[in-house]
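The values are calculated or read from the model by the stated rules, or taken from the named source; none is laboratory data. Just so it is clear, the structure is predicted and the values come from calculations on it, not from any experiment. Cβ sites come from the backbone with ideal geometry, for glycine too, and all protein chains shown count toward neighbours. All accessible areas refer to the heavy atoms of the entire protein, side chains included, with ligands and DNA or RNA removed. Shrake-Rupley method; radii C 1.70, N 1.55, O 1.52, S 1.80 Å.
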Amino acid sequence: MTRLLLLLLLLSAPAAAQSIATSALRGHDSRQPIDVDADRIEVLEAANSAIFSGNVRVRQGPLTLEAQRIRVTFDRPAGSRDPVLRRLDAEGAVRLVSPSERASARFGIYDVDARVLTLIGGVELLQGQTRLDGNRLTINLDSGRSTLDGRAAPGGQSGRVTGRFAVPSKKN
């Protein structure tokens, strides 16, 4: 994502919902293995879920998701012993890291099936020296399109998207 394109998008769109161009996660292969490590795991077999808590780190290829607690929802296909992860719900100091971006928020959702990442609450997105702040960041892993909203949910409290962009020195 070029800084100029990002700046043009931010200046031309309404402040309540900003499209922030293409994420480095465009085309992320959500079929890659998902590695999880944490201080503790509680498996809720009847609910097809597991709760990881304490310094949780999830890695899938170049994507890293960290939080204090992550609930993983899974299915068990007939005839398979291995669970298939469907969704990860993160809370508490949520951080998302890709090769060129870092984001943080209070809550995060990784819908593996829909291939969508959502961060909610006090979102901060960093790319190089560029910083954007808002309340809800959505990243479509197929298209790479990212949207940052000033409010956390439709009908929620009004908020604003803010940004700070580095201006490169002009060569004479």
Exercise for the section: Quickly work out the Ser100-to-Gln32 label distance, labels modelled 7 Å from Cα along the C-beta direction, and quote it in nm with one decimal. Expected result: 1.6
Handout entry: Around Gly121: net Lys/Arg minus Asp/Glu count, Cβ-Cβ under 10 Å
Key = +1
Practice task
Find the relative contact order for the stretch 68-129 and round it to a whole percent, using C-alpha pairs within less than 8 Å whose residues are 6+ positions apart.
Solution key: 26
Handout entry: Cα gyration tensor shape of the stretch 58-99, rounded if a/c is under 1.5, else prolate or oblate by comparing a/b with b/c
Key = oblate
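For the stretch 51-144, what % of the accessible area comes from carbon and sulfur atoms, probe 1.4 Å?
On the way: 2060 of 4300 Å².
Result for the stretch 51-144: 48 percent of the exposed heavy-atom area is carbon or sulfur.
Per residue, how much accessible area does the stretch 78-172 have with a 1.4 Å probe, in Å²?
It amounts to 59 Å² per residue over the stretch 78-172.
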Handout entry: the stretch 89-141: C-alpha gyration tensor shape, a/c 1.5 cut-off, then a/b vs b/c
Key = oblate
Fill in the blank from the handout: Note: Thr64 to Thr138 extended length (0.36 nm per residue) minus current alpha-carbon separation gives 25.1 nm
